[in-house]
1. So for the pair Glu136, Thr8, with labels modelled 7 Å out along Cα→Cβ, what separation do we get in nm?
2. Restricting to DSSP loop positions (anything but H, G, I, E, B) with no more than 13 other Cβ atoms inside 10 Å of their own Cβ, which trypsin sites (Lys or Arg not before Pro) remain in region 1-92?
3. Suppose R0 equals 25 Å. What FRET efficiency, 1/(1 + (r/R0)^6) with r the Cβ-Cβ distance, do Ala83 and Asn143 give to the nearest 0.05?
4. Just how far, in whole angstrom, is region 65-112 from region 124-181 if you go by their alpha carbon centroids?
5. Exactly which GluC sites (Glu not before Pro) in region 1-108 are in a DSSP loop and have at most 14 other Cβ atoms within 10 Å?
6. Label-point separation (nm) for Arg107 and Ala124, each offset 7 Å from Cα along Cα-to-Cβ?
7. Can you compute the modelled spin-label distance between Arg19 and Arg157, with each label point 7 Å from Cα toward Cβ, in nm?
8. How big is the charge dipole of the chain about its Cα centre, in debye rounded to the nearest 20, if each Lys and Arg gets +1 on its Cβ and each Asp and Glu gets -1 on its Cβ?
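Computed from the coordinates by the stated procedures, all read-outs in this text should not be read as laboratory data. Given the structure is predicted, the values throughout are model-derived calculations rather than measurements. No Cβ is skipped: glycine too gets one built from the backbone with ideal geometry, and neighbour counts run over all protein chains shown.
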Amino acid sequence: MADAAVRTAKPEDVPEIARIHRDTWRAAYRSLLPDEVLAGLDGAEPAWADAVARERVLVATEGRWLVGFCVAAPAPADEVAHADGTLPADAATTALFHVLVEPRWGRRGHGGRLLATAAQALKATGSTRGIAWVPEADKATTNFYARAGWDADGTVRTLDAGGRPVREIRVSGGLTLLLEP
């Protein structure tokens, strides 16, 4: 494998981050999300530019290629709340993660490096736990988080994706993650 690395995203990375997001979701979630929702990803660059400007995005690279990204930040209260709306004791120190690696670059350790690097950075600022929302039907992503020691915590939500319900599970885990050589 060529040199693999994780670094903070730069403004010039935004078009490639948006492309990876759009193309990967269109391939992975075609059966879950309506065409109009997937088509809406064409306009995602401004949101990605904002996230990059706020230094909330890490990118994975292999050689000269940007191959994936991780968005990680302190979790809003509504993302961390229990199903009954109450907040857990660690709500203020919980971080929200989203990791995505383009499938053709998968199974090369990029996702794990992204998750571990983001977890280490957030742990250094006081975060104690991470959460991520995953479509229940997305077994590959659920398995990725399980390999990192993150498991479903019993909280689910159903999103309205253009009139089609999408059930998501919340996975949760610690921020002490080790990178394997």
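1. Taking the two extended label points, one gets 4.0 nm.
2. On the way: sites: Arg7, Arg19, Arg22, Arg26, Arg30, Arg54, Arg56, Arg64; in loops: Arg30, Arg54, Arg56, Arg64.
Here the sparse-neighbourhood loop sites are Arg30, Arg54, Arg64.
3. On the way: r = 24 Å, r/R0 = 0.95.
The value I calculate is 0.60.
4. Measuring centre to centre over Cα atoms gives 7 Å.
5. On the way: sites: Glu12, Glu16, Glu36, Glu55, Glu62, Glu79; in loops: Glu55.
When the GluC sites (Glu not before Pro) of region 1-108 are filtered for loop state and at most 14 Cβ neighbours within 10 Å, Glu55 remain.
6. Output for this residue pair reads 3.3 nm.
7. 3.1
8. Numbers: 21 positive and 24 negative charges, 100 e Å.
Roughly 480 debye, rounded to the nearest 20.
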